[in-house]
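Working notes, structure below.
The values are calculated or read from the model by the stated rules, or taken from the named source; none is laboratory data. Computed from a predicted model, the values in this text were never measured in an experiment. Virtual Cβ from ideal backbone geometry, glycine too; neighbours counted across all protein chains shown. Please note that ligands, DNA and RNA were not included when accessible areas were found on the heavy atoms of the full protein model with its side chains. Shrake-Rupley method; radii C 1.70, N 1.55, O 1.52, S 1.80 Å.
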Amino acid sequence: MTPMKPLLPLAPQPRCNLRARLRALLVAALAVAALILGVAPAQAEYGDVVMNNFSDKAGMRPVVFPHWFHRVRYRCKVCHGDLGFQFKAGGNQINMLKIIDGQFCGACHNGEVAWNVESCNLCHSGKPGLPTQVHESTVHVLTGGAAPTAPATAPAAPATPAAAGTRK
């Protein structure tokens, strides 16, 4: 008996791109190495909010919050209105108990909307000792990293409209 021929010819096999396969293998190896060795502290980038109110004292790295990553996805109102974040780096007393309870970051970082709180190194990624700040903000640059100070007294308001140089 003679073997039967297939009804449809076999589809041609795509040529494997050796460079693409090696690149994928290298990326996978680096990912495995990062998981085994741990993640190196991240560099804060312009506009990132560094939060270190409690981290250093608790033996954790500071949180680096990628503000612009979140801002392109959500309106300001979501975090600063609905979730109660103040418009000042370090203005809220955020701690892990509040986050686990669903407050602040925990409203989204609950394992459903975004990763959960068990992925510590994804948030606690700053260099130890990094101060609470908006990284490379104008205030931070002008003050050399020091917190801005308010004037001791406000200037006195003029007593009369004439003293203020206004016309009736």
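Only residues that are open to solvent by less than 100 Å² (accessible area, probe 1.4 Å) and either at pLDDT 70 or above or assigned to a helix (DSSP H, G or I) (or both): list them for the stretch 10-21, please.
N17, A20
Return the residue satisfying two criteria in turn: it lies in the stretch 43-99 and is basic (K, R) and within 20 Å of S119 (Cα to Cα), and of such residues it is surrounded by the fewest Cβ atoms within 10 Å (Cβ to Cβ).
The residue in question is K57.
Take the residues in the stretch 80-109 that are more than 17 Å from C123 (Cα to Cα) and part of a helix (DSSP H, G or I); name whichever of them is nearest to the chain's Cα centre (by Cα).
Among residues in the stretch 80-109 that are more than 17 Å from C123 (Cα to Cα) and part of a helix (DSSP H, G or I), the one nearest to the chain's Cα centre (by Cα) is H80.
Name the single residue that is most open to solvent (accessible area, probe 1.4 Å) among those in the stretch 100-128 being more than 16 Å from F69 (Cα to Cα), in contact (Cβ under 8 Å) with a residue 24 or more places away in the chain and not basic (K, R).
My answer is P128.
Has the stretch 70-79 got any residue that is under 15 Å from the mean Cα position of the chain (by Cα) and under 14 Å from C120 (Cα atoms)?
No - not one qualifying residue is present in the stretch 70-79.
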